[in-house]
1. Where the centroid of each part is defined by its Cα atoms, how far is the stretch A:9-38 from the stretch A:224-291 in Å?
2. HN-Hα J couplings of the stretch A:321-332 from phi, Karplus 6.51/-1.76/1.60, θ = phi - 60°, integer Hz, Gly and Pro as x?
3. More than 13 Å apart: what percent of Cα pairs in the stretch A:310-356 qualify?
4. Count neighbours as other Cβ atoms within 10 Å of each site's Cβ, and list the GluC sites (Glu not before Pro) in the stretch A:280-345 that are DSSP loop with at most 11 such neighbours.
5. For q values of 0.14, 0.27, 0.30 Å⁻¹, compute log₁₀ I(q)/I(0) with the Debye formula on a Cα-only model of the stretch B:9-51, without solvent.
6. In vacuo Debye scattering of the stretch A:310-393, one point per C-alpha: log10 I(q)/I(0) at q = 0.21, 0.26 Å⁻¹?
7. In chain B, how many lysine pairs have Cα atoms under 19 Å apart, counting only pairs 8 or more places apart or on different chains?
8. If you scale each eigenvalue of the Cα gyration tensor by 5 and take the root, what three semi-axes come out for chain B, rounded to whole angstrom and sorted largest first?
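What follows is calculated from the coordinates using simple rules that are stated; it is not laboratory data. Quick caveat, the model's predicted, so the values are computed rather than measured. Please note: Cβ atoms are built from the backbone with ideal geometry, for glycine as well, and neighbour counts cover all protein chains shown.
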Amino acid sequence: MPEKWIVLRNCGVIDPKRITTYLDRDGFKALKKALAEMPPEQIIEEIKVSGLRGRGGAGFPCGLKWELARKAQGDEKYVICNADEGEVGTFKDRYILERDPFTLIEAMAIAGYAIGAKRGYIYLRAEYHHLLDLLGKAISQAREKGFLDHFEIAIHEGAGSYICGEESALMESIEGKRGEVRYRPPFPPSRGLWGKPTIINNVETLMNIPQVILNGAHWFNQIGTERSKGTKVFSVSGDVKKPGVYELVLGSQLRELVMDLALAEKVKIIQVGGATGRIIPYDMIDTPLSFETILGAGAITVFDESRDIIDIVHRTIEFLAEECCGKCAPCREGTEVMAEILERFSCGEGVERDIGVLEELSNAMMLSSLCGLGQAAPNPVVDSLQYFRSAYESRIRKN
Amino acid sequence: MIPTQGKKQEDLLILLEEAQNKLGYLPEELMAELAKSLDMSISDVYGVATFYSFLSTKPQGRNVIRICKCLPCLLKNAQAIIESVERETGIKPGETAPDGKFSFELTNCIGACDEAPAMMLNNEVHVNLTPGKISQILKACK
Ligand SMILES: Cc1cc2nc3c(=O)[nH]c(=O)nc-3n(C[C@H](O)[C@H](O)[C@H](O)COP(=O)(O)O)c2cc1C
Ligand code: FES
């Protein structure tokens, strides 16, 4: 399936510093249409029918989330744009923010109107401090043009923490606290920021909204697969000739992205979805990219034949051990123990029962961790044991 | 050390970020002062200050170097960059130079993997690093 630009349609076309260049590309027409012609319920219905699902990793239906927040009781409600993009190997949100901050602002203003919120936050990771000024100016220009009369947007800067991309940790962080995850339920649409109904959406999810409003749900609904509508923006890095950002219709093959577009050669391993994503061998390169199969937030890291699977998994688990918030024991202790075992394997010092321990630990963590980090942390271990088991077996110490 | 009039507990992280930018680190007295004016315990303030990797409770160099050590950067030989920073500054990851010019840290993915290897120098991102480029960048530091 082909490349198609819905999310990236303005990237490289408009000047992100000048709102007039955005207005020339139908900018803020969707917001005007929404405010003038569509009651909030109709907007939500449109998003629901479009089939748009979250692009931040979990794939939750966007319209349903908005509907829950719309219907929830609350004197105040909030819209949060998740621009924390901490997943290893993802940079598409940065690419988008750098080139088209206006579509995001328009989308947030539509979201605010739809759920009945007067205030929105963009949670921007500290590593993207260099975008603060551009984003701030884009918001001021939108305000000066009168597009934000009903809705105010503030930027909240993170301070270096992967887990703050997880929605409940993110809200804790905006509230000025340690970014530790919350127990759920309640979920954010009923009780979120400051205990008020809140929607949290990834940058890329929101970028789709104005086009859905302008072109209609049915237009969007015809793109993609049965359960994955629209496009996905991928961040491709690692052993490829052309790393970068690519937007493809959902359901496109991994092969097309990695081999044809990013020009990889001698591929051995592909990590899809970053540290908490899946690891697959080259012979599965014909897998389509969709919510039904593999996707995550669209991080694609390619490893060629010179790379060692144990090193890859070891480094991945070390990352997760470092970034774990420490609140729940299965994740806090589990990632540490996994890292220790993998360290041993990486120097050929594994022992016979280590593989069994890794498997048992993986199960326990998936079942009992509090949030997506701990639940998905075993993915690289489980996948590598499935597809590259002999690499482990050959590192068991013989004596 | 930083104005706290009218500030509430929910402003703690923003105040800490402000102090970090202004002072380069978060001294104990500052955290005690914040705790008092926001009506919180010192350990709660300390808890927030130590949670985030861009906040530091120890004095830091005038320039903070953060080299990315995640896989996409490692594949593009981030190790050579780490070694060249060690050579240029005479310090290892986790250390601050005695003359206070540099602190050197390793960090997780900074979202520049398409132009790996990458680093942050203070608030700025530098990409497509080579040992030669590192030498130039660090020489330009005050
Ligand atoms: C450990 C962890 C890290 C996450 N990091 C991010 C992130 O950086 N950006 C993001 O949009 N979502 C991230 N998420 C997903 C969010 O929790 C949430 O599902 C998402 O922001 C919802 O938006 P969406 O429905 O538009 O995808 C993360 C989840 C987990 C468990
Ligand atoms: S891995 Fe280094 S910037 Fe992403």
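1. Comparing the Cα centres of the stretch A:9-38 and the stretch A:224-291, I get a distance of 30 Å.
2. Whole-Hz 3J(HN,Hα) from phi for the stretch A:321-332: 4, 5, 8, 4, 6, x, 6, 9, 5, x, 6, 4.
3. The proportion of pairs with Cα distances above 13 Å equals 52 percent.
4. A:Glu305
5. Taking Cα atoms of the stretch B:9-51 as identical point scatterers yields -0.24, -0.96, -1.19.
6. For the stretch A:310-393 at q = 0.21, 0.26 Å⁻¹, log10 I(q)/I(0) is -0.89, -1.33.
7. Close lysine pairs under the 19 Å cut-off: 18.
8. Values: eigenvalues 212, 50, 28 Å².
Over the Cα atoms of chain B, the semi-axes work out to 33, 16, 12 Å.
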